[in-house]
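Laboratory data are not the source of any read-out in this text; all were calculated from the coordinates shown. Keep in mind that what you see is a predicted model, and the values were worked out from it rather than measured. Cβ atoms come from the backbone with ideal geometry, glycine included; neighbour counts cover every protein chain shown.
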Amino acid sequence: MGIVTVGESFFYRNPDQFRFLAHEFLPALYERKREVGCRLIRIWSAGCSTGEEAYSLAHMVRFVQTHFPEMNIEILACDINRRNLGFAEKGLYRKRSMRGQATEMQNELKVPLGRNLENGAFQVVEELKSQVTFQYQNLRQLENLKSHQGSDIIFCRNVLIYFEDAFRQQLVQTFCDLLNPGGMLFLGETESISGLDGLRLVPCRGAFGYLKG
Ligand SMILES: C[S@@+](CC[C@H](N)C(=O)[O-])C[C@H]1O[C@@H](n2cnc3c(N)ncnc32)[C@H](O)[C@@H]1O
């Protein structure tokens, strides 16, 4: 039997997590990496649904790269739902996906995210599409997540709801193991975890995230 999942998402959901990354976390992380001769930053959107989260990340990254052009960022976005991934790859959205702060963030960061089409749809710009790699992945198969070892930022927002308590703990422990020291995990606005060694809750402007180490 196939696994049925729904994938409600929109651009710039919980925008303060992105603002924190753009203005504070990424510039500081880049400086730390540069000092040790590394320019690659790895971001993973785990449970990316139709791609709005990954493109919001790519958009925010473009803004940061206007200040740090040598910063090399890899964005990998995974989901178990192949239909969602198909949508994501097209980068073509209905108005519903714009109900967050997509317009505000385009004005704020002064980087184009996409353009409105005559039929009311929204098309993500090509340069952001080429920044993201979409991939099928089942998060339940923990042993297959090893390729994400060395991630700097993991987004797993509004996905834990699909799992029972014991597996949630295991998955978040795995995320912690896969993160580089000083890396961060971001969950959904209404999700939280506790009792995990190695991850510390930290404020991110009006939101929060989990810092490793
Ligand atoms: C509500 S969406 C969240 C999308 C996005 N992260 C956000 O916050 O806007 C949840 C996504 O998790 C995916 N998902 C559920 N179980 C999964 C699993 N075992 N492995 C990978 N993805 C899964 C669903 O297919 C769905 O697209």
Order of 40, 76 - criterion: other Cβ atoms within 10 Å of each residue's Cβ, fewest first: 40, 76
Quarter of Cα convex hull surface for the chain, i.e. mean projection, nm²: 11.9 nm²
Fraction of beta bridges assigned by DSSP in the chain that are antiparallel (%, nearest 5): 40 percent
P(r) histogram, all alpha-carbon pairs of the stretch 1-113 included - 10 Å bins from 0, percent: 14, 43, 31, 11, 2, 0
Exposure proxy ranking, count of Cβ atoms within 10 Å, fewest first, for 118, 191, 52, 104: 118, 104, 191, 52
Percentage relative contact order, the stretch 15-212, counting C-alpha pairs under 8 Å, at least six apart: 23 percent
Net charge of neighbours whose Cβ lies under 13 Å from the Cβ of residue 194, counting Lys and Arg as +1 and Asp and Glu as -1: -1
